[in-house]
Amino acid sequence: MTDPRAPARPGFHRPAHHLLLYGGDPQFLAAALPFAREGLAAGEPVFIATTARNARLLQRHLGRQARQVDFAPPDWHRTPPQSLLAYHDRAHTAVGPSRVLGETPWLGLTSAEAREWSRFEALLTLALAATGAWHLCPYDTRTLPASILKTAHLTHPGLTSGVTHRPNPAHLDPEDFSAACDSVPLPEPSAGAAEFRFDGLDQLAAMRAFTRREARAAGLPRSAVENLLICVDEAAANALRHGGGTGRCRIWTTPTDLLCEVTDTHGTLNSALAGYLPPATAPLDGRGLWIIRQLSDAADMRSSDDGTIIRIRMRRMPPPEGPRLGEQPLPEEVAGLGGEAETLGEIGLDGAPPRGHGGEGR
Amino acid sequence: MPAAYADALLRIWRTEEPPGLRLVGQVDITNQVAFMGQLLALDGAPTHLTVDLREVSFVSFAALHVLVTFAVLLDPDRRLVVHTKSPAPAQMLRVCGWDRPAVPITLLEEIDDD
């Protein structure tokens with residue numbers, strides 16, 4: 001398991017995951033340029049994954065130095081778990097300190113998607129622990145909704161303005177933040193969901209055949225069907241091993257997605273971090289949930305006394321164009337998150353985080 | 001040649017040229033131990049070993065883990081060559097960090113179009 005402490009960058013006494021709010025090119029450049037230049041001057045790898053416009057801006061101002069910078073391809077940010085892995089791998093590949101300017105693509109996300117990207121921001125701090133990576137995350141105050149900007153203050157342990165870097169007093173424990181994300185109720189499955197019940201390992205092949213039929217009927221591409229089969233097989237095996245020996249698989253579709261949900265009757269999942277953090281290199285257990293998050297387009301995992309839910313989402317078609325954030329009316333009130341309650345409500349974090357602190361109960 | 005292993009989901013044959021296994025069916029939690037047994041029975045082959053998964057319609061994550069575990073146990077100068085028609089094994093190897101040189105697996109993919 002990755003060390004769940006906020007990372008202090010070697011030679012620095014601050015966590016190395018900073019928020020940069022900018023309202024225009026001068027403010028962006030005042031922080032991003034020295035961040036990149038100081039890194040290059042120190043011989044550190046500098047990686048930039050930002051908007052096409054900001055990338056062009058930096059290239060112009062860096063001049064010849066831009067050739068030393070590694071600019072991300074346009075499709076760099078895929079799903080939040082895949083991006084977590086990509087940044088983690090970069091940080092671990094670098095021999096010493098490294099710098100990343102990483103701007104999450106917020107525009108056009110649904111509330112649920114934005115929530116998962118906020119969770120990504122929180123868990124990035126854990127994924128980078130014990131590496132020499134320093135992440136600076138720019139947020140454009142001209143285009144982003146207030147809810148996204150306020151939540152960013154909860155997910156970054158440091159704040160950057162120009163060349164000033166300081167600790168962020170509003171930062172929440174990443175595990176608590178992730179648990180708060182999981183307090184948002186999942187939408188009810190469609191009434192017309194197809195269902196397959198299982199109570200033994202010898203029924204997994206029939207459950208996969210059921211899943212394959214439904215996925216094909218929903219028009220999923222072959223590679224997505226194969227990934228879904230691996231995910232649902234892991235979820236069902238998990239239900240049989242840890243969930244009381246019986247389970248139920250339900251599949252339904254929306255215009256854009258196929259949803260496949262495996263439920264059991266025992267709540268044994270520690271869901272706040274389940275399957276999110278890149279597994280350490282040596283131990284081989286506990287990677288099933290990780291595989292589900294990596295091979296699906298999204299996965300919700302919830303556990304309570306009533307049982308465990310693993311809901312896998314596969315995209316049937318590309319997401320519609322245009323901003324969707326804020327489309328859905330969301331609860332205004334959040335219990336237990338103090339002054340940031342309204343913020344969390346706006347992106348759907350409408351529940352209290354657990355009182356327990358990170359690192360316990362696993 | 002009779003199968004070295006057979007159950008309702010999976011049949012496994014030993015192959016001589018190249019030395020290794022050919023699998024037909026599905027490898028999952030119910031037969032992954034038998035699969036490991038067949039891999040271990042290949043011990044002593046003087047060269048790289050081949051596992052032909054081209055006629056396998058499903059390889060679970062745990063079954064892939066069996067392949068990785070076996071590959072890591074091979075003598076240093078030997079590799080496990082895996083033939084597949086699915087893109088899923090390569091993806092699973094990558095996201096688990098098993099695509100590094102420390103895991104001596106060569107994946108040969110023959111991917112059909114959708």
Going through region B:9-23 in order, the residues found to be within 14 Å of chain A (Cβ to nearest Cβ) and open to solvent by less than 30 Å² (accessible area, probe 1.4 Å) are B:Leu10
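With the condition being out of contact with any Asp or Glu (no Cβ under 9 Å at 6 or more places or on another chain) and farther than 22 Å from A:Asn54 by Cα, I'd like the helices (runs of 4 or more DSSP H) fully within region A:110-225 carrying at least 1 qualifying residues. Write out each step before concluding.
Working: elements: A:111-127, A:146-155, A:174-181, A:204-217.
Answer list for region A:110-225: A:111-127, A:174-181, A:204-217.
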When A:Arg37 is run through (1) touching a strand residue (DSSP E or B) at 6+ places or on another chain (Cβ under 8 Å); (2) modelled with pLDDT of 95 or more, the failure sits at (1)
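For region A:194-218, enumerate the residues that are among the charged types (D, E, K, R), open to solvent by 20 Å² or more (accessible area, probe 1.4 Å) and under 16 Å from B:Ser60 (Cβ atoms).
A:Asp202, A:Arg212 - these are the residues of region A:194-218 that are among the charged types (D, E, K, R), open to solvent by 20 Å² or more (accessible area, probe 1.4 Å) and under 16 Å from B:Ser60 (Cβ atoms).
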Restricting attention to region B:37-79, the residues that are under 17 Å from B:Pro104 (Cβ atoms), open to solvent by 10 Å² or more (accessible area, probe 1.4 Å), more than 14 Å from every other protein chain (Cβ to nearest Cβ) and part of a helix (DSSP H, G or I) number exactly 1
Counted residues in region A:223-251 being within 8 Å of chain B (Cβ to nearest Cβ) and either acidic (Asp, Glu) or farther than 12 Å from B:Ser60 by Cα (or both) come to 4
From the option list A:Ala133, A:Ala127, A:Ala114, single residue qualifying as in contact with a strand residue (DSSP E or B) (Cβ under 8 Å, 6 or more places away or on another chain) and buried (at least 18 other Cβ atoms within 10 Å of the Cβ) is A:Ala133
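Quick check on this structure: which one of B:Val33, B:Val27, B:Val82 is under 23 Å from B:Ala4 (Cα atoms), surrounded by fewer than 20 Cβ atoms within 10 Å (Cβ to Cβ) and either at pLDDT 95 or above or more than 14 Å from chain A (Cβ to nearest Cβ) (or both)?
Selected residue: B:Val33, the only one of B:Val33, B:Val27, B:Val82 that is under 23 Å from B:Ala4 (Cα atoms), surrounded by fewer than 20 Cβ atoms within 10 Å (Cβ to Cβ) and either at pLDDT 95 or above or more than 14 Å from chain A (Cβ to nearest Cβ) (or both).
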The correct count of residues that are open to solvent by less than 20 Å² (accessible area, probe 1.4 Å) and modelled with pLDDT under 50 in region A:10-34 is 0
The number of residues in region A:95-108 that are surrounded by 20 or more Cβ atoms within 10 Å (Cβ to Cβ) and either in a loop (DSSP other than H, G, I, E, B) or touching a residue at least 60 places away in the same chain (Cβ under 8 Å) (or both) is 6
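I'd like the full set of residues that are small (Gly, Ala, Ser) and assigned to a loop (DSSP other than H, G, I, E, B), limited to region B:80-100. Reasoning before the result, please.
Taking region B:80-100 as the starting set, the residues that turn out to be small (Gly, Ala, Ser) are B:86, B:88, B:90, B:97.
Once the filter is applied, which keeps residues that are small (Gly, Ala, Ser) and assigned to a loop (DSSP other than H, G, I, E, B), region B:80-100 yields B:Ser86, B:Gly97.
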Restricting region B:89-105 to residues that are at pLDDT below 95 and among the β-branched types (Val, Ile, Thr), the one surrounded by the most Cβ atoms within 10 Å (Cβ to Cβ) turns out to be B:Val95
Within region A:228-277, of all residues that are of a type in the set (D, E, K, R) and either part of a strand (DSSP E or B) or open to solvent by 10 Å² or more (accessible area, probe 1.4 Å) (or both), the one nearest to A:His88 (Cα to Cα) is A:Glu234
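The values are calculated or read from the model by the stated rules, or taken from the named source; none is laboratory data. On a predicted model such as this, the values are computed, not experimentally measured, just so you know. Neighbour counts run over all protein chains shown; Cβ positions are idealised from the backbone, glycine included. The accessibility values were calculated without ligands, DNA or RNA, using every heavy atom of the protein model including side chains. Shrake-Rupley method; radii C 1.70, N 1.55, O 1.52, S 1.80 Å.
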